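Step one of this worksheet: look at the structure below.
Just so it is clear, none of the values below were taken in a lab; they were calculated from the coordinates. These numbers come from a predicted model, not from an experiment. Note that each Cβ is placed from the backbone with ideal geometry, even for glycine, and that neighbours are counted across all protein chains shown.
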Amino acid sequence: MADDSIRLHYTVPGDDFTRAGEASADLKSRMKKLGLPPGAIRKVSIALYEGEINLAIHAHGGDIDVEITDDEVRMVLSDQGPGIADISLAMSEGWSTAPDEVRSLGFGAGMGLPNMKKYSDEFDIQSAVGVGTTVTMAVKTA
Amino acid sequence: MTTGELAAACGFTHVTGDGDREIEGIFTGDLLSWAMGRAKEADAWFTVMGNVNTVAVAALADCACAVLCHGAQWDAAAVQKADMQGVELYTTELPEFEASYLAAVTLELAPPEP
């Protein structure tokens with residue numbers, strides 16, 4: 001772990017889709033100030049926003065820990081939500097358990113987890129039903 | 001071509017932003033995660049979803065602007081957030097296809113390969 005790494009923590013409230021996005025907007029602005037590459041900033045923004053929306057929709061909220069080091073941005077999203085019974089199904093494009101209310105806002109297309117994986121250079125998901133889910137994503141910046 | 005030039009040429013109504021973003025392409029669609037994953041940086045985004053989440057996606061995906069079609073109006077919260085985040089918003093009475101088509105012709109975009 002680099003000594004000059006930057007650590008950030010965000011709490012995502014459950015079921016509030018107007019506030020979901022605050023963490024990704026904040027991280028995006030910090031990455032811009034640090035002069036990190038625009039491509040990496042875009043990847044982090046998209047991956048983290050999808051993660052925030054997932055926490056709000058499915059897990060009644062959760063926590064995000066970010067570490068910015070010399071060569072990557074690492075994000076760990078953890079929740080104590082219902083967990084995912086079949087991770088490979090949840091990872092397939094178009095599969096969604098989002099309620100109608102969420103779909104009417106334009107979410108729930110079943111692209112959240114696939115987008116998170118697509119925009120990460122490293123992606124890992126661990127989940128247990130009734131316990132919660134932890135997603136780790138890293139995006140290279142150098 | 002800038003957002004302001006496109007809006008003037010196509011008759012889109014200005015809502016927020018300075019009109020100075022360069023446009024390189026177009027994305028049309030309403031599902032936010034599709035837009036998030038497939039809209040490209042500097043795209044003009046044509047949609048009918050006028051809520052605050054559209055603004056969040058447009059900002060994070062670095063779209064040049066978002067154009068609300070079919071005469072729909074942006075929510076007050078969306079306008080406020082767009083002002084804060086520097087996202088350019090427009091409206092048009094045109095349906096999504098017609099608005100996108102007009103913009104594509106104006107931008108002189110090459111048709112896609114069949």
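For the stretch A:82-142, the list of chymotrypsin sites (Phe, Trp or Tyr not before Pro) that fall in a loop by DSSP and count at most 16 other C-beta atoms within 10 angstrom reads A:95.
Taking Lys and Arg as +1 and Asp and Glu as -1, the other residues whose beta-carbon sits under 12 Å from that of residue B:55 total -2.
Across the stretch B:24-31, rounded Karplus estimates of 3J(HN,Hα) from the backbone phi angles (6.51 cos²θ - 1.76 cosθ + 1.60, θ = phi - 60°) give 10, x, 9, 10, 10, x, 10, 7 Hz, Gly and Pro being marked x.
For the listed peptides B:23-31, A:74-82, a ranking on the average number of other beta carbons within 10 Å per residue, highest first, reads A:74-82, B:23-31.
Give me the net charge of residue A:43's neighbourhood, meaning all other residues with Cβ under 10 Å from the Cβ of residue A:43; Lys, Arg count +1, Asp, Glu -1. Around residue A:43, the surrounding residues sum to +2. Here the Gaussian network model covers chain A, with springs between Cα atoms less than 10 Å apart; of A:68, A:46, A:87, A:87 fluctuates the most. What the phi angles of the stretch A:25-38 give under the Karplus curve with 6.51, -1.76 and 1.60, with θ = phi - 60°, is a coupling list of 5, 5, 5, 4, 5, 5, 5, 4, 5, 7, x, 6, x, x Hz, glycine and proline written as x. What residue among A:89, A:113, A:34 has the largest mean-square fluctuation in a Gaussian network model of chain A, using Cα springs under 10 Å? Fluctuation is largest for A:34.
The lysines within cross-link reach of residue A:118, meaning a Cα-to-Cα straight distance under 17 Å and a gap of 8 or more places when in the same chain, are A:43, A:140, B:40. The phi-based Karplus calculation (6.51 cos²θ - 1.76 cosθ + 1.60; θ = phi - 60°) puts the 3J(HN,Hα) values of the stretch A:113-127 at 4, x, 5, 4, 5, 4, 9, 9, 7, 9, 9, 9, 10, 10, 8 Hz, whole numbers, x for Gly and Pro.
Springs between alpha-carbon atoms under 10 Å, Gaussian network over chain B: tell me which of B:15, B:67, B:87 tops the mean-square fluctuations. Highest fluctuation of the listed residues: B:15.
Counting only other chains, and only Cβ atoms inside 10 Å, what mean value do you get across the residues of B:51-61? For this peptide, the per-residue mean of nearby foreign Cβ atoms is 6. The mean count of C-beta atoms from other chains within 10 Å of the C-beta of residues in A:34-41, rounded to a whole number, is 1. The residues neighbouring residue A:21, those whose beta-carbon lies less than 12 Å from its own, together hold a net charge of -2 under the Lys/Arg +1, Asp/Glu -1 convention. Run through the DSSP bridge list for the stretch B:3-106 and note the antiparallel percent, rounded to the nearest 5. If I count the DSSP bridges inside the stretch B:3-106, around 20 percent turn out antiparallel.
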